[in-house]
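Okay, so here's the structure we're looking at.
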Amino acid sequence: ERWIRGARYDCTDNVMLFGEAHAREVLAAYEDHFNGHRPHQALDQTPPDADIAEVIPIEGRIRRRQVPATNIYEYHRAA
């Protein structure tokens, strides 16, 4: 239910869809964000596809990137 609610809010309610192909593209981008970036409480604030061995530096600038075709932004440490 949480995934459906998030997909509806972030994709279908806030993005104008232009046909089935565009809707599939938007949902695929949301799925990649959900599994690869968004923190999950049950997984100790890590995404399901996260590499546990990867060390993220604390210092440095933060960059914001918009997920294509959605109103979602992801934040990453700048290199």
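Restricting the search to the range 5-26, which residues are farther than 20 Å from Tyr75 by Cα and assigned to a helix (DSSP H, G or I)?
Correct list: Arg5, Arg8, Thr12, Glu20, Ala21, His22, Ala23, Arg24, Glu25.
Just for the range 46-64: of the residues that are surrounded by 10 or more Cβ atoms within 10 Å (Cβ to Cβ) and within 16 Å of Tyr75 (Cα to Cα), which one is modelled with the highest pLDDT?
We begin by selecting, within the range 46-64, every residue surrounded by 10 or more Cβ atoms within 10 Å (Cβ to Cβ); these are 46-50, 60, 63.
The next check asks that each one be within 16 Å of Tyr75 (Cα to Cα); those that pass are 46-47, 50, 60, 63.
On the way: Thr46: 71, Pro47: 73, Ala50: 71, Gly60: 77, Arg63: 86.
For the range 46-64, the residue satisfying everything is Arg63.
Which condition number in (1) aliphatic (A, V, I, L, M); (2) under 12 Å from the mean Cα position of the chain (by Cα); (3) at pLDDT 80 or above is the one that Ala21 fails?
(2)
I'd like the residue in the range 28-45 that is at pLDDT 75 or above and acidic (Asp, Glu) and, out of all such residues, is nearest to Val15 (Cα to Cα).
Checked the range 28-45; the qualifying residue nearest to Val15 (Cα to Cα) is Glu31.
Do any residues in the range 11-33 that are within 21 Å of Arg65 (Cα to Cα) and surrounded by 11 or more Cβ atoms within 10 Å (Cβ to Cβ) have Cβ atoms under 6 Å from those of residues that are at pLDDT 80 or above and not aliphatic (A, V, I, L, M), where the two are at least six apart or on different chains, and which pairs are they?
From residues that are within 21 Å of Arg65 (Cα to Cα) and surrounded by 11 or more Cβ atoms within 10 Å (Cβ to Cβ), the pairs are Cys11/Tyr30.
The values are calculated or read from the model by the stated rules, or taken from the named source; none is laboratory data. Given the structure is predicted, the values throughout are model-derived calculations rather than measurements. Positions of Cβ are backbone-derived with ideal geometry, glycine not excepted, and every protein chain shown enters the neighbour counts.
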